Every structure is written in C-alpha cells, then in structure tokens.
Amino acid sequence: MKINQTNGGLGKSANTSAVSRHAMAVAAVCLAFILAQGMERLWHVSPPFSLFLLAIIYSGWFGGYKPVLLAIILSVLVFDYCFLPLSFPKTHSFVPKMNDLPRLVLFVIAALMVGLLSAAQRSSAQSIRRARDDLAEKVQELNRINKSLNAENDERSLAERALHRSESYLAEAQRLSCTGSFGWKVPGGEIYWSAETYRIFQYDPTMKPTVELVLQRVHPEDAAYVKQMIERAMQDGKGFDFEHRLLMPDGSVKQLRVVANGSSIGPGEFEFAGAVMDITEQERARIALESAYAAIKKSEFQFRTTLDSIPVQVWCAFPDGSAEFQSRPWLEYTGLSAEKARSWGWKDAIHPEDAEQYVRKWLEIKASQAPGEAEARFRRFDGQYRWFLVRAVPLRDEQGNIIRWYGTSTDVDDRKRAEHALHNAEAALAHITRITTMGELTASIAHEVNQPLGAVINNANACISLLTNGAANLEEVQEALAEIIEGADRASAVISRVRQLSRKVPCERILLDLRDVVTDILTLGRYEAATRRVNIHIDLPEGQLLPVIGDRVQLQQVLLNLVVNGMDAMSTIEVSKRVVIIRGRSETRDGIPEASVSVQDAGCGLKPEEMDRLFKAFYTTKPQGMGMGLAISRSIIEAHGGRLWAEFNPGPGATFIFSLPAAPNAAL
Amino acid sequence: MTKVEPIVFIVDDDQLFRRSTERLIRTAGLNVQPYASAKDFLKNPRPEGPACLVLDVRMPGLSGMDLQHELTQSGIHIPIIFITGHGDIPMSVRAMKAGAVEFLTKPFRSRVLLDAVRAAIERDRSRLQMQSEIRELRGRYEQLTPREREVMTLVAKGLLNKQAASELSTTEATIKFHRAHIMQKMRAESLADLVRMTENLGASSQL
C-alpha cells in the first residue's frame with residue numbers, strides 16, 4: 001500500500017522495539033558520561049550536567065516515557081557517583097556532600113522536566129503523524145472512486161454518441177431508400193412514425209399519426225383494399241405485406257409497399273413494427289427495364305431476320321466452338337433444321353473426307369483467338385457436295401475475352417473447279433515444256449542408253465566366243481556377265497529417269513535432298529555437255545543439303561532447263577571458256593532455313609532490261625526457243641513455296657538460282 | 001623386217017563400254033590396248049606393226065574427231081573405226097572423208113566391229129607392206145642413173161623404144177641397153193611389172 005511505503009521510515013521508528021529504545025537511552029547516557037569525563041580530565045572544567053540533559057532529551061525524543069525514565073535514573077546515579085565530591089573519600093558511596101545536595105536535586109528536577117517534556121513532545125508528534133497518514137489514505141480512496149466514475153461516464157457518453165450516430169444513419173438510410181418505419185399498437189391505436197414515414201405521407205412531423213391520416217392519402221381506387229387489409233390486421237394481429245397507391249395533395253401518385261410484423265403483447269393486444277417503402281422509382285425502373293428488354297428482343301429478332309434475309313451464310317458460335325445459330329441460307333443450303341445444326345450438329349454437313357481436317361482447323365483458329373479461314377466440302381440438301389470457304393472472326397468483351405465467334409460460309413466451288421482446271425493446264429504445259437527440253441537432249445539420252453547397251457552386247461558376244469572356244473576361261477566369263485548386269489542396270493536407270501521426266505504424272509511432294517536432283521540431271525546432261533564441249537563443274541557441300549519437300553520430276557525439269565539454257569548461252573564462245581558451275585547450298589535467308597541450287601554460266605550474259613522479261617512466257621533469246629522454259633520453271637518453284645531469280649556475274653555470263661524453304665522439323 | 005603382232009587400240013571414256021570392247025576383241029584373238037582418253041593414247045608409244053584404232057566420237061576434252069585430225073596432221077596413218085552413241089550423217093561423212101575406215105553406231109553387232117577391226121588391220125598390214133615395198137623400190141630407183149630414170153619414165157608411159165630414142169635424141173640401141181639395165185636394177189620381171197613400180201613410186205612421191 002502506497003501510504004505505508006511513503007511513510008515507511010516513520011512507521012519503522014514508531015515500531016522500533018522497546019529493547020532498542022532502552023538500549024539507545026543507556027548508550028546516550030554512556031556517551032554523555034564519556035564526554036563529561038573527557039572534558040573534566042582535559043580541560044579541568046567542573047562536570048557539566050547539561051551533557052546528561054542532552055542525553056535525557058535525546059532519549060525522550062526518540063525513546064518515549066520508559067526510556068527517558070531509565071536515562072534520568074542512570075544520569076542521576078552517574079552524576080552523583082562520579083562527579084560530585086565524595087563525602088567519604090575512602091568509601092564508595094552515593095551519599096553526596098551536603099553542600100552538593102542542592103546541585104543534585106536541581107539536576108534531578110531539571111532532568112525530570114526536560115525528559116518528560118521531550119517524551120510528551122514525542123508522543124504528540126507521533127499521534128499527529130498517524131492522523132496525517134489516515135487522511136492521506138482517505139484521499140487516495142476518494143481519488144480511486146472518482147476515476148472509476150469518470151470512466152463509467154465516458155463509456156456512457158460514447159454509447160450515447162454511437163446510438164445517436166446509428167439513429168442518424170438509420171434516418172439517412174431511410175431517406176435514401178425512401179423507406180419509413182412505423183410502430184402501431186392495437187387496439188390502443190398508438191402509432192409511431194419515423195421522419196421518413198412523415199415525408200412519404202407528406203405530413204408535418206408534429207402531427208400525431210393515425211389510421212385516418214393514412215387513409216386520407218390512399219388512392220381512392222385502392223382505399224377499399226387498404227381498409228380491408230388494416231381491419232384484418234387489427235383482428236388477427238399477424239404481419240402483412242401489400243402494395244397500394246397514394247394520391248398526394250399535389251395530384252401525384254406514389255406506389256407504396258407496406259410490410260409489418262405483428263407480435264402479441266397481451267391478451268387481445270398486438271404491436272406491429274413495420275416499414276413503408278416508396279417504390280415509385282423502382283416501379284418506374286422496372287417498367288423501363290421491361291420495355292428495354294422488349295426492345296432488345298425486338299432488335300435481336302430484326303437482326304436475325306436481317307441475317308436470314310441476306311443471301312450469305314452466316315453463323316455464330318460460342319467460345320467453345322459449338323454453334324449458337326446458323327442463318328437461314330445456311331440451313332436452307334444444308335437442309336438441316338436449326339435445332340439439328342446447333343451445337344456440333346453442323347458437322348454432319350461436312351464431307352466425310354474433309355470433316356477431320358476441317359474441325360481440326362476450326363479448333364486451331366479458336367485456339368489462336370485470331371480471325372481465320374478454312375475450306376471444306378459441305379453437303380447440299382440434295383446430297384451434292386460443294387466447296388465452301390469459311391471465315392471466322394472473334395467478338396470480344398471490354399476485357400478482351402472472346403464471347404462469340406461470327407463467321408460466313410462462302411460457296412467457292414466454281415472457283416475451286418477453275419483453280420483445279422488451271423492447275424491441270426499448268427501441269428500439262430509443264431509437261432509439254434519438259435518434253436520439249438527432253439527433245440533437245442534426244443542425242444544425249446540415246447547415247448546414255450546405247451552406251452551400256454553396247455557394252456552388254458559386246459560382253460555377251462565375248463562370252464559366246466569364250467564358251468565356244470572350249471578352253472573356257474570361266475573367270476573371264478564371270479566378269480563379263482557381271483558387267484552385262486551392270487550395263488543393263490545402267491540402261492534401265494536412264495530409261496526410267498527419262499520415263500519419269502516424260503510421263504504425265506501428278507505432282508508428288510516428298511522429302512528430298514536437292515543433291516539427288518543435281519545427280520539426276522548430271523546423268524542426262526553430262527553427254528550433252530560433252531557434245532557441246534561444255535565443262536560442267538559441280539560444287540556441293542560435304543554433308544547433305546537441307547531437306548526440302550518437293551516433286552522430284554518437276555525440280556529435275558527446272559534444273560535441266562537452267563543447265564540447258566546455260567549451255568545454250570555459251571554456244572558462241574571459245575571452247576576453253578565453256579563452263580557451267582552447279583552449286584548447292586544450305587543457308588538461312590530472313591530467318592528461314594532453305595536449300596538453294598545455282599547454275600552459273602560464262603556465256604553471253606544478260607542485259608539489265610532483260611531481267612524483267614526473262615521469266616515472262618513466250619520471251620526467248622533463242623531462235624528455236626518457245627520462251628516457256630523459265631516461265632514454267634518459275635511457276636514450278638513458286639508452287640513449291642520457293643523463289644527463282646537471275647543474277648549478273650562479276651565476270652561474263654549469268655547465274656540462275658532457285659531456293660526452297662527447308663522442310664519443317666528438318667533443320668540440320 | 002620382223003613379223004610384229006597386230007594391235008587394236010581402244011579410246012573411250014566410258015569404262016564399262018571400253019572394257020566390254022576390249023574383252024570382245026581380246027576373245028577374238030587380237031592384242032588390245034585400251035585408253036580412257038585421246039591424250040593418253042597420244043602420250044603412249046605405239047609399237048611397229050599393223051594396228052587399228054577403235055575411237056569414241058564424243059569424249060570430254062579431246063574428242064574422237066579432234067584426235068583423228070591430230071593424227072593426220074602428224075602424218076600418222078592408223079586406220080580408225082569410229083563408234084558413237086548417236087551418230088548423225090554429217091558427222092559420219094566428215095569422219096569418212098578424213099580417212100576413217102568405219103563408222104559404227106552403238107549398239108552395233110559384235111561381228112560388224114570385229115570384221116571392221118580385222119579389215120582395218122589387214123588394210124594397215126598391206127599399207128605397211130606397200131610402204132616397205134615402196135621403200136625397196138625407192139632404193140632400187142636411187143641406183144638408176146639420171147639417163148636411166150628418164151628412159152624409165154618414158155617406157156612406163158608406154159612409149160616404144162624408137163619413140164623414146166627420138167624423144168631423147170638417141171639411138172634405139174642405146175634405149176634397149178638402158179632398158180635392160182633398168183629391168184635388172186629394178187628387178188622387174190616384165191614391162192607390166194615396171195609400169196606398176198613406176199606408178200607406186202609416183203603415188204608415194206605424192207603422199
């Protein structure tokens with residue numbers, strides 16, 4: 001406890017034990033005695049009994065009544081024994097001389113006076129201290145009580161403020177939501193209205209609310225109904241919830257909804273707590289929404305009608321790729337019903353051969369999230385299939401998410417047929433030029449066949465004569481037969497190559513190495529080159545060229561054409577300078593890996609103005625040329641996704657180069 | 001003059017064909033020496049004795065026709081049998097005019113080639129023989145006096161002794177004397193023999 005602690009020193013001294021207080025008195029007297037003795041011996045002054053008085057005062061002040069009496073007795077005895085002249089020097093006696101008696105009496109009286117006084121002083125000081133401590137304790141107590149009262153007070157005012165705030169929130173909420181509250185006791189008829197209720201009914205808040213006031217405002221057409229509802233509530237005390245109109249003094253009409261819960265508060269007595277809601281605005285919004293929805297419905301209908309009436313097949317699909325609807329032309333073409341074609345039903349209309357590829361393509365477009373197109377044959381209602389080009393475009397919301405796919409299907413059957421016919425015509429033309437080029441090489445081809453054939457005949461005849469001679473050298477015969485086979489194989493290889501080139505074969509795309517094409521051409525062109533006194537130099541890389549996808553025969557045709565052109569260009573120049581260099585390269589152009597073959601001649605070269613016309617049909621510099629070779633070659637290379645072009649040489653002559661993109665997944 | 005085995009040279013760049021031709025001719029019992037190019041043929045020495053050349057027309061580098069031209073220029077007379085994979089008439093005419101013995105188009109019958117080879121060797125053999133004969137005749141002719149050469153020319157022309165005497169302003173007896181010497185020196189057995197010798201000499205001088 002705080003008080004005890006602060007006054008601890010005092011309390012302790014007050015509680016100092018009686019023994020120590022008495023000891024203290026004895027000590028004080030002893031000290032006085034020692035000092036008195038000292039003074040008498042040192043300075044020879046008569047013994048000052050005031051020293052003993054000081055010891056008595058000290059004992060009284062700090063010890064109280066009992067110690068002071070002890071101190072007085074001891075002091076008197078010591079004073080008497082030691083300091084007064086002895087009456088009988090040889091004997092130890094307390095009897096003083098008669099002339100010293102008054103001094104002793106005086107000392108006793110003074111000691112008693114001083115001692116009692118100081119002891120009294122001590123006891124009164126102690127009682128005052130005690131009274132002060134009690135008072136301080138009381139004050140502390142009071143402070144504590146005051147503090148707790150203050151805290152209580154704060155809490156209460158906070159709660160009041162919160163209550164006030166929530167009341168104002170409620171009022172604000174009521175105002176904003178146009179909802180008033182009410183309380184109603186039946187049969188007492190006491191009614192409580194909130195401020196908003198007054199505002200809704202447009203009454204002054206000072207007025208006392210009654211059922212009559214309510215009925216005054218009810219729209220005459222709803223009056224009977226409202227009365228009926230009120231009466232029923234008064235009878236059964238159950239809650240209610242109904243709507244009716246109010247007719248306001250200014251003639252405006254409000255739509256009101258009344259909701260209340262009833263609770264019993266005694267036999268035959270009820271209390272209703274409820275709300276009145278001004279739902280005029282809500283009602284208006286609902287009506288507006290309904291009409292807007294109707295308008296949307298109507299415009300959607302118009303949109304669909306428009307889609308149906310334009311002569312284009314239009315469709316719409318969900319983000320997952322399933323169809324939402326198809327326009328009437330689509331349905332009429334396929335003969336499918338809208339229900340059947342919906343979702344994935346439309347797949348039935350695709351040609352079985354195209355279905356897998358087309359659906360895959362469609363899913364790819366969907367995954368790419370970008371506009372795309374695909375082609376497939378779709379079945380007409382009469383069972384005939386026609387080619388369609390289907391284009392799809394995504395429709396996105398504000399966040400960029402695809403919410404629909406819109407698309408059109410266009411009949412491209414006629415175009416497709418024309419393309420096919422054109423393709424056939426091109427193939428035929430390519431074939432004719434190929435045959436023409438072959439015609440120029442007839443001599444070489446004959447040589448290439450006759451050479452091994454001659455060897456076969458020679459060897460066969462050698463065998464006959466070896467065997468007829470009797471002394472058959474079988475080893476020689478064996479060698480001859482092996483060479484017969486070799487020759488026959490060579491001849492048949494040439495023939496099949498010629499047949500390949502001259503046959504009218506459909507385009508066949510395979511994975512191939514352009515080096516093989518160079519080798520093919522060399523077989524046919526080598527002898528031609530010898531005849532024309534042209535040196536063909538081959539420059540191919542060590543490893544294979546980047547593989548390409550292509551038609552071997554067509555590529556042979558292109559290369560053959562370029563080589564023959566190169567040899568033609570050198571017919572008028574000196575024999576020693578007639579060189580054709582065929583180079584094969586793998587390289588990357590514009591980030592696309594490709595394989596290229598170039599044919600360089602040292603002939604008459606090209607004029608700059610020829611460059612443009614060079615690849616045009618019927619342009620030729622040769623007297624007997626058709627002017628189709630380079631045009632066809634270029635169309636073949638471009639159909640392979642590659643390029644064919646000419647370059648000037650640093651020296652004489654020109655270089656023709658064709659490059660093809662490397663086959664996918666075939667990078668070296 | 002020692003008897004030398006005839007030899008057939010083959011020049012063709014196509015190994016398969018070259019080997020087959022070599023085998024065919026070898027089995028026919030003739031010596032064969034194949035070469036892959038005209039240059040190889042020119043580089044290597046040719047033995048004395050009858051020979052013939054089986055030559056491919058079209059070859060890279062020096063062609064068959066080039067080789068023929070080269071040989072003619074160098075005065076080498078070897079019968080040439082041309083073979084070609086695809087012969088045309090102008091080419092064969094040109095070759096024949098330049099002295100080819102045969103122009104064969106592949107594939108040809110082996111018999112035809114072998115016959116041509118044998119004929120060519122025979123021809124070369126007789127050419128060589130004639131060459132040595134003429135060389136012999138020339139030796140004899142060298143022994144004649146200038147007067148005797150004059151008489152021989154006139155006699156070979158078919159002039160009578162009397163005509164020759166008047167031509168040379170001498171007597172018939174002198175002519176007779178010279179004629180006997182000529183017949184003896186030239187080892188002619190008859191006048192007809194002498195006439196042939198004169199012709200041969202005349203032809204060789206024109207060669």
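No value in this document is a laboratory result; all are computed from the given coordinates. Note that this is a predicted model, so its numbers are computed, not measured. Quick reminder, even Gly has a Cβ in these numbers, built from the backbone with ideal geometry, and neighbours come from all protein chains shown.
Tell me, in nm to one decimal, what length is gained between A:ILE592 and A:ASN150 on full extension, where the rule is 0.36 nm per residue of separation less the Cα-Cα distance?
Extending this stretch completely gives an extra 150.3 nm.
Could you list, in their original order, any pairs among B:LYS43/B:LYS185; A:LYS227/A:LYS298; A:LYS361/A:LYS616; A:LYS577/B:LYS39; A:LYS577/B:LYS43; A:LYS616/B:LYS106 whose Cα atoms are separated by more than 31 Å?
Check vs 31 Å cut-off fails for B:LYS43/B:LYS185; A:LYS227/A:LYS298; A:LYS361/A:LYS616; A:LYS616/B:LYS106.
Give me the number: length gained by fully extending A:ARG129 to A:GLU647, i.e. 0.36 nm times residue separation minus the C-alpha to C-alpha distance, one decimal in nm.
173.8 nm
Using only Cα atoms, tell me the angle between helix A:49-63 and the longest principal axis of chain A; keep it within 0 to 90° and round to the nearest 10.
Relative to chain A, helix A:49-63 is tipped by roughly 50 degrees.
So if we plug the beta-carbon distance of A:GLU160 and A:ALA273 into 1/(1 + (r/R0)^6) with R0 = 22 Å, what FRET efficiency do we get, rounded to 0.05?
0.40
So what are the ³J(HN,Hα) numbers for the range A:287-299, from phi and the Karplus equation (6.51, -1.76, 1.60; θ = phi - 60°), rounded to whole Hz, Gly and Pro as x?
Using θ = phi - 60°, the values come out as 5, 4, 4, 4, 6, 5, 4, 4, 5, 4, 3, 5, 5 Hz.
Between A:VAL412 and A:GLN478, what FRET efficiency comes out of the Förster formula 1/(1 + (r/R0)^6) with R0 = 60 Å and r the beta carbon distance, rounded to 0.05?
So, using R0 = 60 Å, E works out to roughly 0.35.
What is the magnitude of the charge dipole of the range B:1-74 about its Cα centre, with +1 placed on the Cβ of each Lys and Arg, -1 on the Cβ of each Asp and Glu, and no other charges, expressed in debye to the nearest 20?
Its charge dipole is roughly 200 debye.
Cross-link partners among aspartates and glutamates for A:LYS366, C-alpha distance below 13 Å, same-chain residues fewer than 8 apart left out?
A:ASP320
Which listed residue (A:MET39, A:SER596, A:SER252) has the Cα farthest towards the positive end of the charge dipole for the protein assembly as shown, taking +1 on Lys and Arg C-beta and -1 on Asp and Glu C-beta about the Cα centre?
A:MET39
Using Cα positions and a limit of under 16 Å, work out the aspartates and glutamates in reach of B:LYS162, with same-chain residues fewer than 8 apart set aside.
Result set, ordered by chain and number: B:GLU148, B:GLU150, B:GLU172.
Would you mind computing, in nm to one decimal, how far apart the modelled labels at B:ASP40 and A:GLN282 are, each placed 7 Å from Cα along Cα→Cβ?
11.3
If you plug each phi of the range A:458-470 into the Karplus form 6.51 cos²θ - 1.76 cosθ + 1.60 with θ = phi - 60°, what whole-Hz ³J(HN,Hα) values come out, in order, with x for Gly and Pro?
Rounded to whole hertz, the list is 4, 5, 4, 5, 4, 4, 4, 5, 4, 6, 5, 5, x.
Hey, what do the phi angles of the range B:28-43 turn into as Karplus ³J(HN,Hα) couplings, whole Hz, using 6.51/-1.76/1.60 and θ = phi - 60°, x for Gly and Pro?
7, x, 10, 6, 10, 10, x, 9, 7, 8, 4, 4, 4, 4, 5, 5
Taking 0.36 nm per residue of sequence separation and subtracting the Cα-Cα distance, how much length would be gained by fully extending the chain between A:ASN143 and A:ARG503, in nm to one decimal?
117.3 nm
Across chain A, where is the longest run that never hits GluC sites (Glu not before Pro) in a DSSP loop with at most 14 other C-beta atoms within 10 Å?
Answer from the scan: A:191-397.
Which far-off residues, 5 or more places away or on another chain, put their amide H under 5 Å from the one on B:ASN31, with H placed in the peptide plane?
Correct list: B:VAL8.
Name the residue, out of B:ILE25, B:ILE81, B:ILE121, whose mean-square fluctuation peaks in a Gaussian network model built on chain B with Cα pairs under 10 Å.
Residue with maximal mean-square fluctuation among B:ILE25, B:ILE81, B:ILE121: B:ILE25.
In degrees between 0 and 90, to the nearest 10, how far off the longest principal axis of chain A does helix A:18-43 point, with axes built from Cα atoms?
Here the helix axis deviates by roughly 70 degrees.
Rounded to the nearest 500, what is chain B's calculated 222 nm mean residue ellipticity when only DSSP H runs of at least 4 contribute -39500 (n - 2.57) each, over all residues?
-19000 deg cm²/dmol
So if I place +1 on the C-beta of Lys and Arg and -1 on the C-beta of Asp and Glu, and nothing else carries charge, what would the dipole magnitude of the range B:101-185 be about its Cα centre? I want it in debye, nearest 20.
I would put it at about 260 debye.
Amide H of B:LEU104 versus every other amide H placed in the peptide plane: which residues, excluding those fewer than 5 positions away on the same chain, fall under 5 Å?
For B:LEU104, the qualifying residues are B:PHE82, B:ILE83, B:THR84.
About its Cα centre, what dipole magnitude does the protein assembly as shown give when the only charges are +1 on Lys and Arg Cβ and -1 on Asp and Glu Cβ, stated in debye to the nearest 20?
2200
Set the Förster distance to 30 Å, then compute FRET efficiency between A:ALA295 and A:ASP320 from the Cβ-Cβ distance, nearest 0.05.
Efficiency for this residue pair is about 0.55.
Report, in whole Å, the centroid distance computed from the Cα atoms of the range A:190-234 and the range B:136-207.
176
What distance in nm lies between label points placed 7 Å from Cα along the C-beta direction at B:MET96 and B:GLN15?
Going by the 7 Å Cα→Cβ label model, 3.6 nm.
Out of residues 5 or more away from A:SER181 or on other chains, whose amide H comes under 5 Å of its own, with H placed 1.01 Å from N in the peptide plane?
Residues meeting the amide H criterion: A:SER194, A:GLU196, A:THR197, A:VAL276.
Answer with one residue from A:SER633, A:MET611, A:PHE270: the one whose Cα lies farthest towards the positive end of the charge dipole of chain A, charges on Cβ with Lys, Arg +1 and Asp, Glu -1.
Result: A:PHE270.
What GluC sites (Glu not before Pro) does the range B:123-207 have in DSSP loop regions with at most 10 other beta carbons within 10 Å?
Answer in residue order: B:GLU189.
So, in nm, how far is label B:GLU142 from label A:SER20 when the simple model puts each one 7 Å beyond its Cα toward the Cβ?
17.8
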